[in-house]
Each structure stands twice: as C-alpha cells, then as structure tokens.
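In what follows, a structure is listed as structure tokens, so that the remarks can point back to it.
The values are calculated or read from the model by the stated rules, or taken from the named source; none is laboratory data. Quick caveat, the model's predicted, so the values are computed rather than measured. Counting neighbours? That spans all protein chains shown, and the Cβs are built from the backbone with ideal geometry, glycine included. What goes into the accessible areas is simple: the full protein's heavy atoms, side chains included, and nothing from ligands, DNA or RNA. Shrake-Rupley method; radii C 1.70, N 1.55, O 1.52, S 1.80 Å.
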Amino acid sequence: MTTFREITFSINGRPRTLYIDMRKSLLEVLRQDLGLTGAKQGCGVGECGACSVLVDEVLVDSCIYLAIWADNKNIRTIEGEAKNGKLSRVQQAYVDEGAVQCGFCTPGFIMATTSFTQKCTGEKITEDEIRKSHAGNLCRCTGYQNILKAVEKSIHPDKE
Amino acid sequence: MFDLKKHMKANSIDHAIALLLENPDARLIAGGTDVLIKLRNGKPGFSELVDIHSLEELNFIQQDEKNNILIGSGVVFTDIIQSDIIKKHIPMLCDAVQSIGGPQIRNIATIGGNNCNGVTSADSASTLFALNAVLEIRGKGTTRQVPVSDFYLGPGKVDLKKGEILTTFKITPENYQGYFGYFYKYAMRNAMDIATIGCAVSLKTKKHIIEDYRIAYGVAGPVPMRCPKTEKSVINRKVSKSLLDEISQTIETDVSPRTSWRATKDFRMNIIKELSKRATKEALLRAGEEV
Ligand SMILES: Cc1cc2nc3c(=O)[nH]c(=O)nc-3n(C[C@H](O)[C@H](O)[C@H](O)COP(=O)(O)OP(=O)(O)OC[C@H]3O[C@@H](n4cnc5c(N)ncnc54)[C@H](O)[C@@H]3O)c2cc1C
Ligand code: FES
Ligand code: FES
C-alpha cells in the first residue's frame, strides 16, 4: 500500500496540491517538500513551539500535526508575514525591541504573538496574559524580557 | 516521519467503529498530542490509526431539553474555555483545562483523548469525577453509559472494548445546579507541566451548612479518585475555618500517593493536604460563604 496521498491546501495565500507521504508531520512537509524552513524543529514533541504555524488561523505545533490534516486548510508560516518587503507589525516589534538573538525560536514566537494579537486588539492586556499566551514557546537566549516588550508593542504599536 | 503503517480516515462515528473492528490492531487518533508523541518515541502499538481528528459529529457543547450538559469527546480544550455554557454552569472545568499545556496543545488536544489515556494526571479528570460525569460509549449497534469513576480501571486502562468509541461526556443538572467548584493544579512549573497533584472541589451550601461536598484528585493514587471518607465527614457541617483543617487531616485516609521521579510520596501528601484546604476555601468563597 502506498503511503502517498494527494492534499490541497493554501500556503501563505497560494493554493498548492502535493503528493505527500502520509507519515510526515506538517513541519516535515513545509521544510522538506516546500522548502519553507522558517518553522524549526526543536523538540519534535510539542514542548518548545519552534514549529508553530497557523492552520485556519489556529496556532498549532506543526511537528505533532499530521500533514494530511492540512488538506483543504489555510496555512500561515513566517515566510508569508512580510508583505511587499514590509515586515508585519509583530515582526517589526520584535526587531525594534531586540527580541531576537540566535533567532531559532523567533518564527514560532512571531506566529504565537500574531495569533494572540489577532484575538486581543485594543484590549487591556496584563503581563500574565502575555506570558500564558506564549507558554508553549521556549527561548534559550533572550530571557524573555524583550520578547514581552515586543508582544506589548505589537498590541499597542504607538506606546513607547 | 512517524512510523505509521496504516492511516484510515473515519467519516463518521459508525465508520470509525467499523474501521476499528476490521483492523483489530488499529487505535484511534483525535488530537494526537499523546498518540503522535508515543509514535515519535518509538512506542509500539500505534502504527495503525483510525483518524477521528476534527470529526464534526464529536464536536459539540450543548444543553439538552433536560438541562444535561453534553460535551462531545472531540471538543478541544480551547473551545471548552471559550464555551458560554461551560463558563456559566461549570467554570471549574474551564479552570482545569486552562491549566493544560500551552495554547498550541489546548488548540488541538481533546477532552476525549485526555480521559481515554487512563492516566491519573489527566487534568480534566478530577473535575469530571467531582461532577459525576457520565460517559457515553458507542460500539457496533450498542450504546452504554458509564460513570467516569467506573471508566478508569487502572493505570493506562479504561473501560473501552474492541471497536468502541467514547462519544459524549454528560453532566446532569443535579450534579451542577446550585454547586460551586474550584480546581487547583500544583506543578513544578506554572505552565506546560504535568500535575504533581490536581484537586477539584465541588460543593453546595445552604444557610452556611455544607449540603453536599465532593473532592477529587489526580495523581493522589493510580487513577483519578474521589475521597468518600472526607466527603461524608463534611456533609451537613457548618462552614468554618477549623473545618478546613479537619478536611486536610481526614484526606490522608482517602488517598494513596506514590513516589515518582517528579515528587516523593511525603511531598505529594503535603500538597494533597494543602490543596484540600485551598480548593475548598475557594469553592466556598465562590458559593458566597466567608472563611
Ligand atoms: C507538550 C504537552 C503538554 C501536555 N500537557 C498536559 C497537561 O498539562 N495536562 C494533561 O492532562 N495532559 C497534557 N498533555 C497530554 C495530552 O495533551 C492530553 O492528554 C490530551 O487531552 C490528549 O488528547 P488528544 O486528542 O490529543 O489525544 P490522542 O493523542 O489523539 O489520543 C489519546 C488516546 O485516547 C484514545 N482516544 C482518543 N479519542 C478517543 C475516543 N473518542 N474514544 C476512544 N478512545 C479515544 C486514543 O486512541 C489514544 O489512546 C500534554 C501533551 C503534550 C504533548
Ligand atoms: S518542535 Fe514542535 S514543539 Fe518543539
Ligand atoms: S533567540 Fe535563541 S532561542 Fe530564542
């Protein structure tokens, strides 16, 4: 029995149809079949969030998401966030706040922040809520302080 | 790549049951946050999967005409937290599932999968015990209802036979109307950690007398458990601070924690006692009592 299946999905707004090995995770299809290496494999078991992407606007760990589940879905990865050479608001906030060191965790963090800020635009957000909404993402470099600032800035871009 | 030999997508509950019977070695996969981790770690027994991921038939939260609250086994934790029905009637279940993993896990992990693992640390379980939840299980041409306390048979063992699928959690009105509850999870980290101890209290008071009292634990024994001796000793007692101390003494006779690499037996016992007080106090405060 062949392990290959046909799936159709939209990736960063572009429709694609692929023959994929059904044993692969979405992360493996993104990185190996599509060459989109923004999402990273850290732990491979749902602990670190380095592989975070949005599936129909829902934040998931793509390392523990079967690629065949992406059939007929809209996938967003870090590669699609900048539009016409301009960084997204969240990306810009991470740059401005120096929230990036080695950068391994950054694509996953930015997708987590993007998902979070889409749900809470304009509302008053506590630091605790920011921490909880990013609890599925680990960073070994920054000590999180600048990431917190970047998330805050993504919610209130005018606040200095 | 996951070491998958066979993947079969089920289009309905009946289809899933048929596929399970045709493929005796196959297991169900819902959110996959346990199954895929086991596959990744090379654990045998998961290479044939019947896929019920996002099956619409299992994805509902509703109140029926008898005011039973019905939660489909395929509902993900994020949807429980956001459900108006759950927030209004059983907010302690929101507390409990809010404590699970991080957002990515809660967006995909299901309440059915959480309980079908049969592990004592399943964070939704103690609350379901305190609510006397009843599980509806479907097989080929059969439907049976099992109280959650009977569903857990032993570590990693639940009352599911070949070809059966858990479809619904039912909470009847006499088990939530007038009750106030609280869930407390103690873990080494504030997030993304398995409970050292989880404690759920649900109670009902009238004129400062405790009319009904239920206390349930995760990780205080081989499976999630209620504490009948303590419960009996509290019912019909007047609310007081000394009662809280009494609860934390009696509770020792109900539980049987073990030593694991996470925590020793003695440490767990201390946490069990402390949480009995804290969770009871918070539940009493929610009920409008003063302690
Ligand atoms: C990083 C991480 C953190 C976690 N943190 C927590 C935590 O804090 N607290 C906690 O309790 N758990 C935690 N878990 C464990 C896991 O996420 C939960 O147990 C989850 O609820 C499992 O649901 P699922 O849908 O993903 O299950 P799956 O992996 O799809 O299935 C689990 C088991 O249930 C069976 N099953 C699933 N649905 C049905 C059904 N309808 N009928 C019969 N059998 C069924 C499957 O065959 C399998 O044996 C964590 C997991 C990870 C990876
Ligand atoms: S690589 Fe997916 S969560 Fe760590
Ligand atoms: S910047 Fe290096 S892991 Fe976060």
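The dipole here belongs to segment B:48-111: it is taken about the Cα centre, uses +1 on the Cβ of Lys and Arg and -1 on the Cβ of Asp and Glu, and is about 340 debye. Annotation: extensible slack from B:D266 through B:L285 equals 3.9 nm (criterion: 0.36 nm per residue apart, minus Cα-Cα distance).
Couplings 3J(HN,Hα) for segment B:161-178, derived from phi with the Karplus relation 6.51 cos²θ - 1.76 cosθ + 1.60 (θ = phi - 60°), are 9, 3, x, 9, 9, 7, 10, 9, 9, 10, 10, 7, x, 5, 9, 9, 5, x Hz, where x marks Gly and Pro. Solvent-accessible area of A:Y65, all protein chains in place: 10 Å² (probe radius 1.4 Å, heavy atoms, ligands and nucleic acids excluded).
With a cut-off of 17 Å on the backbone N, the residues of segment A:8-36 near the modelled label site 7 Å out from B:D3 along Cα-Cβ are A:23-25.
Based on C-alpha pairs under 8 angstrom that are at least 6 apart in sequence, chain B has a relative contact order of 15 percent. Compared with the direct C-alpha span, the chain from B:Q145 to B:I209 gains 19.8 nm at full extension, assuming 0.36 nm per residue.
Taking B:V97, B:V239 and ordering them by how much accessible surface each has at a 1.4 Å probe, largest first, produces B:V239, B:V97.
The residues neighbouring B:E211, those whose beta-carbon lies less than 13 Å from its own, together hold a net charge of +2 under the Lys/Arg +1, Asp/Glu -1 convention.
Backbone phi angles across segment A:14-28, fed through the Karplus curve with coefficients 6.51, -1.76 and 1.60 (θ = phi - 60°), yield HN-Hα couplings of 10, x, 9, 10, 9, 9, 10, 6, 5, 7, 7, 7, 4, 4, 5 Hz in residue order; Gly and Pro are listed as x. Inter-label distance, A:D33 to B:K66: 4.7 nm, where each label sits 7 Å from its Cα along the C-beta direction.
DSSP loop GluC sites (Glu not before Pro) in segment A:1-100 with at most 16 other Cβ atoms within 10 Å of their Cβ, which ones?
A:E57
Work out, in µm²/s and without decimals, the Stokes-Einstein translational diffusion coefficient of chain B at 25 °C, 0.890 mPa s, Rh from Kirkwood over C-alpha pairs. This corresponds to a translational diffusion coefficient of 125 µm²/s. The heavy atoms of B:D84 present about 110 square angstrom of accessible area, all protein chains included, probe 1.4 Å.
Exposed loop positions in chain B were taken to be trypsin sites (Lys or Arg not before Pro) whose DSSP state is not H, G, I, E or B and which have at most 11 other beta-carbon atoms within 10 angstrom. Between these positions, the longest stretch is B:67-160. Entry note, the protein assembly as shown: the mean residue ellipticity at 222 nm calculated from DSSP H runs of n ≥ 4, each adding -39500 (n - 2.57), is -8000 deg cm²/dmol after division by the residues and rounding to the nearest 500.
Computed over the alpha carbons of the protein assembly as shown, Rg followed by Dmax gives 23.0, 69 Å. Segment A:85-127 and segment B:270-291 have Cα centres separated by 38 Å.
Where the centre of each part is set by its Cα atoms, how far does segment B:163-199 sit from segment B:66-144, in angstrom? Between the Cα centre of segment B:163-199 and that of segment B:66-144, the gap is 7 Å. Note that segment B:92-109 has calculated 3J(HN,Hα) couplings of 4, 5, 4, 3, 5, 7, 4, 7, 8, x, x, x, 4, 6, 5, 6, 10, 7 Hz, one per residue in order, obtained from phi through the Karplus relation 6.51 cos²θ - 1.76 cosθ + 1.60 (θ = phi - 60°); glycine and proline are x.
Spin-label model, B:R237/B:T253: points 7 Å from Cα along the beta carbon direction are separated by 1.1 nm.
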